[in-house]
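Here the structure is laid out as structure tokens; the discussion comes afterwards.
What follows is calculated from the coordinates using simple rules that are stated; it is not laboratory data. Nothing here was measured: the structure is a model prediction, and the numbers come from that model. Note: ideal-geometry Cβ built from the backbone for every residue, glycine included; neighbour counts use all protein chains shown.
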Amino acid sequence: MTGGTTPQVGLALTPLRRCLRSVDLVAYAGATWDWHRLHFDQAYAAERGLPGPIVDGQMFGALLVEQVQDEFGPRAQVTSVVFRFASMVYAGEPVRVDGRVVEVEETDGCHRITVDQEVTVDDEEGRTAVKGARTVVEVPVDGQEVPA
Amino acid sequence: MTLLTDEVRAYIGRTVRYTAPEALGRSSIRYFARAVGDDNPCYTDDEAAARAGHRDVVAPPTFVCETNQYADGRPDDDGYVGHSWDLPVPEGTRLVRGGHEYEFHAPVHPDVVLDVSWTVEGMEEKTSRSGTSLLLVTSLAEYRDQAGTLLARNRETLIYQEVAT
């Protein structure tokens, strides 16, 4: 976690890279009580014409938040996330989350920071997995942690 | 093919409510954070959570919008246990996620017992570039704790796509 970054419009967030392997999809399925076979069963996916088990799209919501919180530190409170799916991602594909600050407002002792984000498959083709994502986060202006 | 039949349209405005059988618990929060690879210490460490101003560890914000813990379902043939409307959409479609709009209103702690309501907000039929039908179904989930405090909202769009034959 970097934390404490001074927010400025145009700031590019540190990209978040993750390879979502089968084991990660199984862990996610268990953690969310969603045991749909699309997310781990190779034969089930093949019967439906898919090249492999598909990443549960909601997992990208968690990654969008993680990138923003890693950038702005543990006192950053994410207040909203909006995202749309552009294409499926299959088990074993590396993904990359990119983000850029598009608005900074100062309000009630907080910076309210709006970040536009995108998730792409991190390979030569680079297809878009999640487009038009927008996350809003509030960070206390002093940027300091509360003393324990 | 018409996907938005009167029978399907009748679901607009329908609401269903779930109350979780138990509190979320610390282990489910740690499990989720580990599964998504998020090592923010506020999810697992009391002192880190206190330094960030929390009374207890917190769940990753999207956790309540992603878990099916509250639905207390049994897996269907496909292994799915979460909320579903089981819309009577005509045969010959496949279902994909369109997108989500999450709002987070209050931190989620391990002692939260989720109270979740789902409502069908609207439906829209469109034609794809290739001329097949698409049915967009938008639902709103509201997540509250046992005191009725609003924790989060999740507006979800699902898309039924006509499969070209």
message = To check my understanding: the extent here is largest minus smallest coordinate of the Cα atoms along each principal axis. What are those three numbers for chain A, in Å, largest first?
response = 54, 35, 21
ask   = If you take the alpha carbon radius of gyration of region B:6-162 and divide it by 2.2 N^0.38 Å, what ratio comes out, to two decimals?
value = 1.19
ask   = So, how do all the Cα-to-Cα distances of the protein assembly as shown break down into 10 Å bins, in percent, from 0 on up?
value = 6, 25, 35, 24, 8, 1, 0
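Which whole number gives the average count of other chain Cβ atoms within 10 Å of the Cβ atoms across peptide A:76-82? Could the numbers behind the result be given before it?
Numbers: counts 2, 7, 6, 5, 8, 9, 6.
Across A:76-82, the average partner-chain Cβ count within 10 Å equals 6.
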request  = Between A:ARG96, A:ARG112, A:ARG48, find the one with the highest GNM mean-square fluctuation for chain A; connect C-alpha pairs within less than 10 Å.
outcome  = A:ARG48
request  = Could you run the Karplus curve 6.51 cos²θ - 1.76 cosθ + 1.60 with θ = phi - 60° over region B:134-142 and give me ³J(HN,Hα) per residue in whole Hz, x for Gly and Pro?
outcome  = 10, 10, 9, 10, 10, 10, 10, 10, 10
request  = Report, to the nearest 10°, how far helix B:26-36 tilts away from the longest principal axis of the Cα atoms in chain B, using its own Cα long axis and a range of 0 to 90°.
outcome  = 60 degrees
query = Under a 5 Å amide H to amide H cut-off, with H placed in plane at 1.01 Å, what residues pair with A:VAL78 once short-range neighbours are removed?
reply = A:GLU138
ask   = Which ³J(HN,Hα) values, rounded to whole Hz and listed in residue order, are derived for region A:116-127 from phi using the Karplus coefficients 6.51, -1.76 and 1.60 in 6.51 cos²θ - 1.76 cosθ + 1.60 with θ = phi - 60°, glycine and proline given as x?
value = 8, 9, 8, 10, 10, 6, 8, 9, 5, 5, x, 5
remark   = chain A, Gaussian network, Cα under 10 Å: of A:THR135, A:THR79, A:THR14, the residue fluctuating most is A:THR79
note = Expected max-MSF residue from B:ARG144, B:ARG155, B:ARG97 in the GNM of chain B (alpha carbon, under 10 Å) is B:ARG97
inquiry  = Need the C-alpha centroid separation for region A:80-148 versus region B:1-26, integer Å.
reply    = 29 Å
query = In terms of modelled amide H atoms, which long-range or inter-chain residues lie less than 5 Å from the amide H of A:HIS111?
reply = A:VAL139, A:VAL141
ask   = When the helices in the protein assembly as shown are scored as -39500 (n - 2.57) per DSSP H run of 4 or longer and the sum is shared across all residues, what 222 nm value do you end up with, to the nearest 500 deg cm²/dmol?
value = -5000 deg cm²/dmol
request  = Report the extension gain between B:THR5 and B:HIS83 in nm, rounded to one decimal, defined as 0.36 nm multiplied by the number of residues separating them, less their alpha carbon distance.
outcome  = 25.9 nm
key: Simple Cβ-charge dipole of chain B, Lys/Arg +1 and Asp/Glu -1, about Cα centre, in debye nearest 20   = 240 debye
Karplus-derived 3J(HN,Hα), 6.51/-1.76/1.60, for each residue of region B:69-75, Hz, glycine and proline x = 3, 5, 6, 6, x, 9, x
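Quote the Stokes-Einstein diffusion coefficient, in whole µm² s⁻¹, for region A:1-66, based on the Kirkwood radius over alpha carbon pairs, a temperature of 4 °C and a viscosity of 1.567 mPa s.
Numbers: Rh = 14.1 Å.
The diffusion coefficient I find is 92 µm²/s.
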key: Cα long-axis angle, helix A:58-72 against chain A (0 to 90 degrees, to the nearest 10)   = 30 degrees
note = Residues whose built amide H sits under 5 Å from the amide H of B:GLY99, excluding neighbours closer than 5 in sequence, are A:PHE85, B:THR157
